[in-house]
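Taking it in order: structure first as structure tokens, then the write-up.
Since every read-out is calculated from the coordinates, none of them should be taken as a lab result. Note that the coordinates shown come from a computational prediction; the quantities given were computed from them, not determined experimentally. Because the Cβ atoms are built from the backbone with ideal geometry, glycine has one as well, and the counts that use them run over all protein chains shown.
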Amino acid sequence: MSKGTRSASVSNPHDDNQLETIITKLVPKLNQRIENQLENLSNRFEKIENSVGSIMEKLNTIESMTQSNRQSIIKMEGRMDNLEYKIRQNSLRVVGLEDGSDENLVSKMLTLLNDAVRVKCCLQEINNVYRMGKMEIGKSRVTIVSFTSVLKRNEVFNNRRNLKGTGIYINEDLTAKQHQVLLAARRKYGMRNAWSTYGRILVNDGNSVQAFKEADNV
């Protein structure tokens, strides 16, 4: 190796001192800047955490209010359903009664009750009789019969089995909600194991007889 090469590779002590001085001055500044940025990030994260916590508290409050409102609505619907059934409690639905355009429906109903159901009933004990829906050829519309007393209604309902084999059926005049519960029960347990009695939907699950008020609970 030549002398010129060796002299070029030797560092200058003066330059090294200058570099060390520069580094010594820069490091504290860099450290301070990094610390400031970290502190700034920490403050921002803390604000975000506080905001998230506040949002979660509001969501929990809203959820609690929603749950409370839902329970209130369910209770209100139950009360309205009970009131509706009280209006219907004197009525029965007759399915399969022959339909006709020029029929005397009251006379036909009295004949059915006295002769087929075998319950003594006079005109004064019937409040109203009417068909549901539009008349269709080959189909018999459902007939609603309303009695002047719940006692007569119950007597007819309790003797409905006398219609066995006639193709005519007498059912309770249930509310829409009660009807939904009954349908859900029959889909799950079968026609013979689900029925209604005085507005209560009863189910025989093979072990016991239970009453249901909500279709979701069946």
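Compactness of the stretch 174-218, taken as the C-alpha radius of gyration over 2.2 N^0.38 Å, stands at 0.98. Working from label points 7 Å from Cα in the Cα-to-Cβ sense, the ARG187 to MET56 distance is 3.9 nm.
Placing one identical point scatterer on every Cα of the chain and ignoring solvent, what is log10 I(q)/I(0) from the Debye formula at q = 0.08, 0.11, 0.18 Å⁻¹? Normalising to I(0) and taking log10 leaves -0.53, -0.75, -1.31.
Restricting to DSSP loop positions (anything but H, G, I, E, B) with no more than 10 other Cβ atoms inside 10 Å of their own Cβ, which trypsin sites (Lys or Arg not before Pro) remain in the stretch 153-202?
On the way: sites: ARG153, ARG160, ARG161, LYS164, LYS177, ARG186, ARG187, LYS188, ARG192, ARG200; in loops: LYS164.
Sparse-neighbourhood loop trypsin sites (Lys or Arg not before Pro): LYS164.
Loop-resident GluC sites (Glu not before Pro) (DSSP state other than H, G, I, E or B) in the stretch 46-135 with no more than 14 further Cβ atoms inside 10 Å of their Cβ: GLU98, GLU103. The ranking of THR143, THR166 by Cβ neighbour count inside 10 Å, starting from the fewest, reads THR166, THR143.
Taking the Cβ of LYS164 as the centre, find all other residues whose Cβ is under 15 Å away and add up their charges (Lys, Arg: +1; Asp, Glu: -1). Walk me through the numbers on the way to the answer.
Working: positive: ARG118, ARG160, ARG161, ARG192; negative: ASP115.
Neighbour charge sum, excluding LYS164 itself: +3.
Set the Förster distance to 35 Å, then compute FRET efficiency between GLU84 and ASN114 from the Cβ-Cβ distance, nearest 0.05. The value I calculate is 0.70. Using the Cβ-Cβ distance between GLN37 and GLN67 with R0 set to 41 Å, the FRET efficiency works out to roughly 0.40. Considering only PHE147, SER107, THR61, the residue lying farthest towards the positive end of the dipole of the chain is SER107, judged by Cα position with unit charges set on Cβ. Site pair ARG161 and ASN204 shows an inter-label distance of 1.1 nm when each label is modelled 7 Å from Cα along Cα→Cβ. Among the trypsin sites (Lys or Arg not before Pro) in the stretch 89-136, those placed in a DSSP loop whose Cβ has at most 14 other Cβ atoms within 10 Å are ARG118, LYS120, LYS134.
Going from the fewest other Cβ atoms within 10 Å to the most, the residues LEU26, LEU113, LEU183 appear in the order LEU26, LEU183, LEU113.
Size of the dipole of the chain about the Cα centre, Lys and Arg at +1 and Asp and Glu at -1 on the beta carbon, nothing else charged, in debye to 20? Before the final figure, lay out each step's value.
Working: 33 positive and 25 negative charges, 165 e Å.
Using only the charged Cβ atoms, the result is roughly 800 debye.
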